[in-house]
Every structure is written in structure tokens, then in C-alpha cells.
Amino acid sequence: MHADYARGVYAACIVLAMSISHTLLGLLQAGPRHGYDLKRAFDAHFGQDRPLHYGQVYSTMSRLLKNGLVEVEGREPGGGPERKRYAITDAGVTDLDDWLGRPEKPEPYLQSVLYAKVVISLLTGRDASALLDTQRAEHLRLMRELTRRKIGGDLADQLVCDHALFHLEADLRWLELTTARLDRLASEIHT
Amino acid sequence: MNEEPGADAPALLAATELHKSYGATPALAGADFAIRAGEVVAVMGPSGSGKSTLLHCLAGIVPPDSGSVRYQGRELSSLPDAERSALRRADFGFVFQFGQLVPELTCVENVALPLRLTGIARRAAEARAAEWLERLEVADVRHHRPGQISGGQGQRVAVARALVNNPRVLFADEPTGALDSLNGERVMQLLVAAARDTGAAVVLVTHESRVAAYSDREVVVRDGRARDMAGVA
Ligand SMILES: Nc1ncnc2c1ncn2[C@@H]1O[C@H](COP(=O)(O)OP(=O)(O)O)[C@@H](O)[C@H]1O
Ligand SMILES: [Mg+2]
């Protein structure tokens, strides 16, 4: 488990990529949008460091279409995929519920996914503090496991576990702080 | 992995709907809590959220404005003061952040104190105290006074004193709050191991997740309300 954790240090970008489709799905639940509109909304909330490419929007949308999680509601004249207007389906809402309700496996650099989950929850009127509590419990569960291993282990085990524990502790502090700031965040993203 | 000891066993100590205000400041606003025999439960939450007040109410040190605290099925507030104090001495142990040892007494005399108060003779009390100091790896400072030892040693002496008369519940309020990581870790390991050996339940108040990770489960206090996290995730 702690070996997995150390490997996770290098997996930050993958983690974000995996959450893009759910994030776009979440933006669609707030209301149907065209492809270019989706990119604009994503960049406004999450694209500070790396704006989304149009190509990512289209490939993601075609995958979501194939899986029945979104549907094309209309299309503007002029063709081109950015002109398609997408809407979330019932299956899409269920899929989004699953994603938001499921805690992430505690890994370093998780905050990009967690931040996306919090914002999508707030945008779609879900309970963001419940999501943070669920994640908090998951983090503590792993911390307990590492602590048990540390107590039973040799010095090398202790050092490896301690490294993971300090990182998880930092995540937990962020979760706590975010919980305390949810009201402010909600009012900022709605303006 | 994280099996709770006797998940269907009745609560040893349980509080419901506790309210407590200090003047206009609400410290507890409808807090619930329960712990079973031998369980280690972390009480977490931001500073000022009501953790210490909850601990004081559970231990019968502070009466709540309203709500119930039951120990072994008996309502604490219905006990006469003298009986409540006796129960606290016999069944409860306490460790605080600092300042709990009597400065004029040596460490072994400090640890022997709870036994002396129950009428045990000095020799016998100090012999048992010395065993506890050994167990907490501070036998070498037994003839020092609290002012002559380090913070980490002081907390180990305090844990020994809290457990020497074999309490059913150990109340620990930020027991590592004044220690560095290494000393804090060691105190937690010794505290939890000793509590498990004696079967004492532990109410562990802490705002640190690495300390809470020594518990079986956690309860989070926010704005005077306690939330049991066992059902979450
Ligand atoms: N003896 C007291 N007199 C006045 N206010 C108090 C007293 N004890 C606690 N409070 C107040 O009650 C609230 C909860 O305090 P406390 O239980 O000590 O929280 P925590 O232990 O979580 O930091 C705080 O606002 C604190 O200022
Ligand atoms: Mg306190």
C-alpha cells in the first residue's frame, strides 16, 4: 500500500485526466451547453494552469455519447462539432452521483480531483460538505492502517509509513479548511 | 481491518443531546457521543468547536445545561456530588496537555497519588507506581520532580498516573499537544498499548489526524455538534 502511495506521487496528471469527463458531465447538469461553451466553463473554473483543448472536449463528448451519458439536443447551422448542443441524460446524472459519492483513493496531489468534485457539487446543488466528510473518513482509514503497520514494523517501515502519514495529514488539513470555507466558495463560484 | 471492539456491545459511556453555554457562547449545541468498553475513540474538530467541553461533560467535571450522560447505565447528574467524585476517582483517569503533575512531589509520588487517595499504604502504592513508570519507559526519572524532566517524560508520567488505578475510561485531552512529533508518537504508542492491556476505553481529544490515527474510530465536533464518522464512507 505505501509503495502504491509513493508511485502515486507521479500520477497527478493522470488523476486529473480521469476526472475531466465527470467534470464536463457536472457542468452539463447545470444546463445543456454547446461544445465551445463547455470548454469556456471548464477553463473558468478549473483551467488556470492548463486550459482544456477543444480536442479533449470532443473526444470526451463522443465517449459520453457512446455510453449514453449525454445526448445531442440540437445543433447550430454551420456544422463542426463545437456547434453541437449537449445535454446530460438520466444515466449521466446517476454516473455523476456515483463519482461524487465515492471517496477517492487517498493519493498525493488529489486536490485537483477533490476541488473539481467540490465545485461540481456546489454548482449542481449537492451537499459538498458530505463529500468532504466521506473523503476525510477514507483518509483517516488509511492513516490508521499505516499507523498499525508502523507500530508493528522495523525502522524502515516506520520511515516509509511516516512519509505517507505526513502527506495524508496535509490532505486532511486541506479538507478541513475547505469544509470551513464552503460558504465563501459557493458564493464565489456562483458570481 | 478496522473492526470495532464488540460492535453490538452496549455503550459504557453515552451522552445524548448535550447543550452547554458559557454566558452567551454556546460550547455544545446538541452533541451525542457513545463509547464501548475497551474502545479508543478520537474526538476531533477545529479549535473552539467544543471538544474539551464535551470531554468535561462526559467525565462529570462540568454539568451540561441539558441532555444526558450515562455511565454504565447510570445518569451522572442524578448522582450525589460525593458519589460522582468517588466514581471519577475510581473509574476514570485523566491526561491533559500539560500542568497536571504536582510540582512538589517526585514522579513516583505523583503516580502513587491516586492509589494513596483510595487508602493504599505508601509502600505498596509506590511499588505499583514504579511498575507503571517502568512500563512507560520513565523509570529513570522516578525520583525527579516534574520541573526537572522533559515535556515528553512528563506526559509519560501523567499517563502512568492516569492508568495506575486501572480506570475503565481514560480521558485524554490533547495529550501530545505540547510535544514534538517524535515524543508525541512515542507517548501515543505507549498510551494506547497500555490502555489496550488494561482494557480501558479511551476518549482521545485531538485536532491532529496523526494522533487520531491511533484510535478505532473518530467523532468530529463542529460548532458544538458531534458527528460519528463510523457511518460515513
Ligand atoms: N470556562 C469557559 N468560560 C467561557 N467560555 C468557554 C469556557 N470553556 C470553553 N469556552 C468556550 O466554549 C467554546 C468551546 O470551547 P472548547 O470546548 O474548549 O473547544 P475545543 O476544546 O474544541 O477547542 C469556545 O468558544 C470557548 O471559548
Ligand atoms: Mg480543547
*Name, by its number, the condition in (1) within 12 Å of ligand 1 (Cβ to nearest atom); (2) more than 30 Å from residue A:176 (Cβ to Cβ) that does not hold for residue B:89.*
(1)
_Condition (residue is modelled with pLDDT of 95 or more, more than 28 Å from residue A:42 (Cα to Cα) and of a type in the set (Val, Ile, Thr)) applied to segment A:143-163: is it met by at least one residue?_
yes
*Among (1) more than 18 Å from the chain's Cα centre (by Cα); (2) closer than 24 Å to residue A:21 by Cα, the one test that residue A:129 misses*: (1)
_Residues that are exposed (fewer than 13 other Cβ atoms within 10 Å of the Cβ) and either over 17 Å from the mean Cα position of the chain (by Cα) or of a type outside the set (Gly, Ala, Ser) (or both), drawn from segment B:84-112_ = B:102, B:103, B:104
*Return the residue satisfying two criteria in turn: it lies in segment B:27-55 and is away from ligand 2 (no atom under 16 Å from the Cβ) and not in a strand (DSSP E or B), and of such residues it is farthest from the other protein chains (Cβ to nearest Cβ).*
B:37
*Determine whether residue B:84 is assigned to a helix (DSSP H, G or I), more than 15 Å from residue B:171 (Cα to Cα) and basic (Lys, Arg).*
yes
_Enumerated helices (runs of 4 or more DSSP H) restricted to segment A:121-191, each holding at least 1 residues that are surrounded by 18 or more Cβ atoms within 10 Å (Cβ to Cβ) and at the interface with chain B (Cβ under 8 Å from one of its Cβ atoms)_ = A:128-152, A:155-180
_Can you list the strands (runs of 3 or more DSSP E) lying wholly within segment B:133-233 that have 2 or more residues being within 13 Å of chain A (Cβ to nearest Cβ)?_
B:217-222, B:225-228
_Pairs needed: first member in segment A:38-53, more than 19 Å from residue A:70 (Cα to Cα); second member anywhere, surrounded by fewer than 17 Cβ atoms within 10 Å (Cβ to Cβ) and modelled with pLDDT under 85; C-beta distance under 6 Å; at least 6 residues apart or different chains._
A:43/A:51
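The values are calculated or read from the model by the stated rules, or taken from the named source; none is laboratory data. Note that the structure is a prediction, hence the values are computed from the model and not measured. We place every Cβ from the backbone using ideal geometry, glycine too, and count neighbours over all the protein chains shown.
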